[in-house]
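The values are calculated or read from the model by the stated rules, or taken from the named source; none is laboratory data. Because the structure is a prediction, the values reported are computed rather than measured. Note that we place each Cβ from the backbone using ideal geometry, even for glycine, and neighbour counts take in every protein chain shown. With ligands, DNA and RNA removed, areas are computed over all heavy atoms of the protein, side chains included. Shrake-Rupley method; radii C 1.70, N 1.55, O 1.52, S 1.80 Å.
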Amino acid sequence: MNIVITQDYEEMSMQSAKFVAENLLKDSKKISIGLATGSTPTGMYDILVPIINLGIFNERVFFYNIDEYCNIDLNKNGTCKKYLLDNFYSKVSINAKNIYFLDEFNYKNYDNVISDFGGFDVLILGIGKNGHIAYNEPGTSFNSLTHIQELSVESKMQHEVDFGSIDNVPEKAVTIGIKTIMNSKCILLMASGKEKAEIIKKSLKGEISENIPASVLQLHPNLHVVLDKEAASLL
């Protein structure tokens, strides 16, 4: 586990973007990247846009979202698809065939699609206040593959602003599983803000338990963690 502690959100975003860019430039093979959504990686995507638009690796990099809400128009604000389109895909010069959207209709074959491309070379993760990664809620089996997950009240509360109210947040989401996550060659975990400090401490230094899904990341052989000083304050 490699932990980088930065001064603030802006530096966290810069260090994360640098890490992703360096992985893109490692060699000339096809590269698969799993993309997180939410407020945490937005600054990183802003920095990556001009790098991607240099066109050095556009045809050999493939992008995947790692979760999505169920029973909702995916073009609405708050969905992972809409977030990635607005904050990343609409700004970069990449071929549409290099983009894979996970949804409730294709999830049963998603692990096969990822595996056919050799697995995730880089998987970008945020972390929920309850320790969820992607949308694997507490209690999710460490052996889980891509599946539909009922969302906890705590997770819905984190995203109520995106949907206007908690009543508008979908009840379920489809997510890559924890086994899918752990099969990634490299994982980048990002966290910012003092409200994430307690769960970062439990996840990275506490007991490994399915009650805290992110704790399984301690077992990954190539985990890179970038935190601002507030998120790292209890380590």
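Summary table
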| quantity | calculated |
| --- | --- |
| Residues of region 73-90 that turn out to be farther than 21 Å from N109 by Cβ and either open to solvent by 40 Å² or more (accessible area, probe 1.4 Å) or outside any loop (DSSP other than H, G, I, E, B) (or both), as a count | 11 |
| Test: residue in region 11-30 that is surrounded by 13 or more Cβ atoms within 10 Å (Cβ to Cβ), touching a strand residue (DSSP E or B) at 6+ places or on another chain (Cβ under 9 Å), charged (D, E, K, R) and assigned to a helix (DSSP H, G or I) | yes |
| Test: D111 is crowded, with 18+ Cβ neighbours inside 10 Å and within 22 Å of I51 (Cβ to Cβ) | no |
| Conditions (1) within 19 Å of S209 (Cα to Cα); (2) modelled with pLDDT under 95; (3) not aromatic (F, W, Y): number failed by N136 | (2) |
| Region 1-10, residues that are assigned to a strand (DSSP E or B) and farther than 18 Å from D121 by Cβ | I3, V4, I5, T6 |
| Test: residue in region 39-53 that is among the β-branched types (V, I, T) and under 19 Å from L151 (Cα atoms) | no |
| Members of region 1-43 found to be within 23 Å of L102 (Cβ to Cβ) and either touching a Cys at 6+ places or on another chain (Cβ under 6 Å) or of a type in the set (D, E) (or both), listed by number | T37 |
| Number of the exception - V169 against (1) within 24 Å of E104 (Cα to Cα); (2) touching a Lys or Arg at 6+ places or on another chain (Cβ under 8 Å); (3) at pLDDT 95 or above | (3) |
| Check on G38, surrounded by 13 or more Cβ atoms within 10 Å (Cβ to Cβ), part of a loop (DSSP other than H, G, I, E, B) and touching a helix residue (DSSP H, G or I) at 6+ places or on another chain (Cβ under 6 Å) | no |
| From E10, E68, residue being in contact with a helix residue (DSSP H, G or I) (Cβ under 8 Å, 6 or more places away or on another chain), under 20 Å from T180 (Cα atoms) and at pLDDT 95 or above | E68 |
| Identity of the residue in region 55-71, within 17 Å of N109 (Cβ to Cβ) and of a type outside the set (S, T, Y), that ends up surrounded by the most Cβ atoms within 10 Å (Cβ to Cβ) | I66 |
| Out of I166, I178, sole residue that is touching an Asp or Glu at 6+ places or on another chain (Cβ under 6 Å), within 25 Å of D103 (Cβ to Cβ), free of Cβ contacts under 8 Å to residues at least 60 places away in the same chain and open to solvent by less than 70 Å² (accessible area, probe 1.4 Å) | I166 |
| Condition met for T140 (part of a loop (DSSP other than H, G, I, E, B) and either open to solvent by 40 Å² or more (accessible area, probe 1.4 Å) or touching a residue at least 60 places away in the same chain (Cβ under 8 Å) (or both)) | yes |
